[in-house]
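First comes the structure, then the notes that go with it.
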Amino acid sequence: MTTRVRYLQHVPFEGLGSMLDDFHRRGWSTEATRWYKGESAPELDSFDWLVIMGGPMNVDDETSYPWLKAEKALIHGAIDAGKVVIGICLGAQLIARALGAKVEPMGYKEIGWFPVRRQPAADNSILTSILPDQFDAFHWHGDSFELPPGAQLLLSSEACQNQAFCLDDRVFGFQCHLETTPQLAQAILENCGDELDGSHYVQSPEDISALPAYFAGPNQVLSQVVDAIVASQQKTRRREPVQQS
């Protein structure tokens, strides 16, 4: 049966990126919920995987973005229903917030290419053989999440301790943008370039765009993350008892 991926999009310029081709190569279907267009939340039984994309808004800014309340309820419901849930940047923050963890401003921004380091708890997850000890990742955020209860810390950077987490080997949050392609990065620069304030962890547009080949490494890591989740889900299904009629 084809895996059905539902992705939640907050702004038109932050989509699935490298994940779109990755999902389609597997023969999976993808369908978007575009909150910024006023679209309604999908039914839980309409998807198997939920992917939550990035965006410039804060997770609790429900006055300006009233759909955030429905989105957090959807995320919580998908986790309770046993779905695979992956969040990128704002998406990771929304997962954390939906599970009761704090999301707060760091006091500075982290924008550009900075290394992330694998953390010891990664050895207790399905990503134990996937995550490199250190690799360069693309970042664009000023907020950070606390770890949800029971979550394992996977990655950290110098600027941001909580870069990635997993929960029950099926819920994953990545503060860094492993999905970003050169085209997506250019779109974010065009729409959010006013955030480049020249502070310590903020690179120039030239530095961000200088090496398009940089994006391939994080994209590959994310593809391997998906492989590991698929293998884990298949193993779980094989262990499930057969229902007697």
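The values are calculated or read from the model by the stated rules, or taken from the named source; none is laboratory data. No experiment lies behind these values; they were computed from the predicted model shown. With ideal geometry, Cβ positions are generated from the backbone for all residues, glycine too; neighbour counts draw on all protein chains shown.
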Using beta carbons and a limit of 7 Å, which pairs, at least six apart or on different chains, have the first residue in region 197-222 and of a type in the set (D, E, K, R) and the second one surrounded by 12 or more Cβ atoms within 10 Å (Cβ to Cβ)? Asp197/Lys109; Asp207/Gly112
Against the conditions (1) basic (Lys, Arg); (2) surrounded by 17 or more Cβ atoms within 10 Å (Cβ to Cβ); (3) closer than 16 Å to Gln175 by Cα, where does Arg117 fall short? Just the number, please. (2)
Looking at (1) outside any helix (DSSP H, G or I); (2) more than 25 Å from Ile208 (Cβ to Cβ); (3) at pLDDT 95 or above, can you tell me which one Ala78 breaks? (1)
Return the only residue of Leu44, Leu16 being surrounded by fewer than 21 Cβ atoms within 10 Å (Cβ to Cβ) and of a type outside the set (Lys, Arg). Leu44
Index of the failed condition, Val51 passing every other in (1) in a strand (DSSP E or B); (2) modelled with pLDDT under 95: (2)
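Given Ala228, Ala216, Ala185, which one is surrounded by 14 or more Cβ atoms within 10 Å (Cβ to Cβ), under 18 Å from the mean Cα position of the chain (by Cα) and farther than 25 Å from Glu146 by Cα? Please lay out each step first, then the result.
Working: Ala228 fails: farther than 25 Å from Glu146 by Cα; Ala216 fails: surrounded by 14 or more Cβ atoms within 10 Å (Cβ to Cβ).
Step by step, each of Ala228, Ala216, Ala185 is checked, and only Ala185 is surrounded by 14 or more Cβ atoms within 10 Å (Cβ to Cβ), under 18 Å from the mean Cα position of the chain (by Cα) and farther than 25 Å from Glu146 by Cα.
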Looking at (1) among the acidic types (Asp, Glu); (2) within 20 Å of Ile95 (Cα to Cα); (3) under 18 Å from the mean Cα position of the chain (by Cα), find the lone condition where Glu43 falls short. (3)
Looking at region 99-116 only, could you name the residues that are more than 16 Å from Gly54 (Cβ to Cβ) and among the small types (Gly, Ala, Ser)? Gly100, Ala101, Gly107
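Which one is surrounded by the most Cβ atoms within 10 Å (Cβ to Cβ), of the residues in region 62-114 that are of a type in the set (Lys, Arg) and more than 25 Å from Ser223 (Cα to Cα)? Before you say what the answer is, go through the steps one by one.
The first filter runs over region 62-114 and keeps only residues of a type in the set (Lys, Arg), leaving 69, 72, 83, 97, 102, 109.
Still in the list and also more than 25 Å from Ser223 (Cα to Cα): 69, 72, 97, 102, 109.
Details: Lys69: 11, Lys72: 18, Arg97: 22, Lys102: 12, Lys109: 20.
For region 62-114, the residue satisfying everything is Arg97.
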I'd like the full set of residues that are charged (D, E, K, R), part of a helix (DSSP H, G or I) and in contact with a helix residue (DSSP H, G or I) (Cβ under 8 Å, 6 or more places away or on another chain), limited to region 1-48. Asp22
Do we have any residue at all in region 106-116 that's in contact with a strand residue (DSSP E or B) (Cβ under 9 Å, 6 or more places away or on another chain), of a type in the set (Phe, Trp, Tyr), in a helix (DSSP H, G or I) and at pLDDT 95 or above? no
Could you say whether any residue in region 120-127 is in contact (Cβ under 8 Å) with a residue 24 or more places away in the chain and part of a strand (DSSP E or B)? no
Return the total of residues in region 154-177 being closer than 16 Å to Pro115 by Cα and surrounded by fewer than 18 Cβ atoms within 10 Å (Cβ to Cβ). 3
